[in-house]
Amino acid sequence: MKLEYEVLRFIRKYNMYESGDRVLLGVSGGRDSMVMMDILFKLKDNLNISLGVAHFNHSLRKNADDEELFVKRECRKRSLPFYSKKMDVGNYAKDNKIGIEEAARKLRYEFFNEILESKMYNKIAIAHYSKDLSETVVYRLIKGTGIFGIGGVLPVYKNVTRPILSLNFENLEKYVTINNVKYVIDESNFDTKYARNKIRHEILPKMKEINEKYEDAIFRFAEITWEYRYFLNEIYKERVQRENEEYKFILENDFLDKEILRMIFLDLNELPPSKKEVEKILYMKTKGKRKINNILLKKEKNMLYILKEVKSLGGK
């Protein structure tokens, strides 16, 4: 089977796109994103979607401007709309006292969302593939996570889609060779001072020694967790009501209460509390109250009320 049809099957399995969708591709110029662009360009008529390409220039490498020009030229060959933005991510990270990776991701997605709004796209496509999934599963397991989080990156999350997530390393290399896909090499992907690169270049090769098909094995595991998340989302709809900014959470005193509470924090764009803190919240006495950062929690019988404080413009 041609890999294009494997991707098409995966897209349809997870209902990524509907007829008429306008999909913005995040393209760095690296192998993965160029494969994604090439495949979706071939599938766009079959899916009845239109495409545009967004390239964010991080100004972190001396070749960054050349990479931007490369992506622009490849888009021109395919008559695809091209949008780019250049920012000094290094200085932004320093000024805001955050890591380079966090700063890059934040600014990149802000740019994507700007284009979505201004150019009327409704979906984003990101070129994560199964090794990225493996990295994320291992990373989250090492850092500590629950069943909800262990699945790593998702095929679809809100308006973000990952159409080539089911492809493994061998698939990508084969596609590049057969289709003569041009791409640039990002040297920073080999710098093991970044945790994810350390996992990719030092830990995953050890896993391959045990199982050559570890990527496929982890992918199958992730699919099970995605089913669990889908099930949990349905339970969430039954147990959680939202009125204005307040969440009303019906407690059933079962193991799902913990997962749903974490989901509420995620919905509030807040880091979920630790396992110990979650237990303290759920086991509060009736009329009990707690505050975590700017999240207020109040328990009344079998109901938990959750509200995020809104700070005034003066910061009070």
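Any read-out appearing in this document is the output of simple, stated calculations on the displayed coordinates, not a laboratory observation. If you're wondering where the values come from, they're calculated on a predicted model, not measured in any experiment. Heads up, the Cβs are rebuilt from the backbone with ideal geometry, glycines too, and the neighbour counts pull from every protein chain shown.
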Exercise. Please list, or write none, the lysines whose alpha carbon is within less than 24 Å of the alpha carbon of residue 85, excluding same-chain residues fewer than 8 places away.
Key: 62, 72, 77, 94, 97, 106, 119, 123, 158, 182
Exercise. Would you mind giving the three semi-axes, in whole Å and largest first, of the ellipsoid equivalent to region 172-276 according to its Cα gyration tensor?
Key: 39, 17, 17
Quiz item: When the Cα centres of region 162-181 and region 276-291 are compared, how far apart do they sit, in Å?
Solution: 48
Quiz item: Convex hull over the Cα atoms of region 5-130, averaged projected area in nm²?
Solution: 8.2
Quiz prompt | Relative packing of peptides 158-166, 291-299 - highest average C-beta neighbours within 10 Å first | solution = 158-166, 291-299
Quiz item: When only DSSP loop residues count, what trypsin sites (Lys or Arg not before Pro) in region 1-100 have their Cβ near at most 10 other Cβ atoms within 10 Å?
Solution: 62, 97
Practice problem: May I ask you to derive the relative contact order of region 106-162, considering only C-alpha pairs under 8 Å and at least 6 residues apart, and to give it as an integer percent? | Solution: 38
Exercise. Of the DSSP beta bridges with both residues in the chain, give the percent that are antiparallel, rounding to the nearest 5.
Key: 60
Practice problem: State the percent of C-alpha pairs, over all pairs in region 244-308, separated by a distance greater than 15 angstrom. | Solution: 44
Practice problem: Over 24 Å, how big is the tail of the calculated P(r) for the chain, in percent of all Cα pairs? | Solution: 61
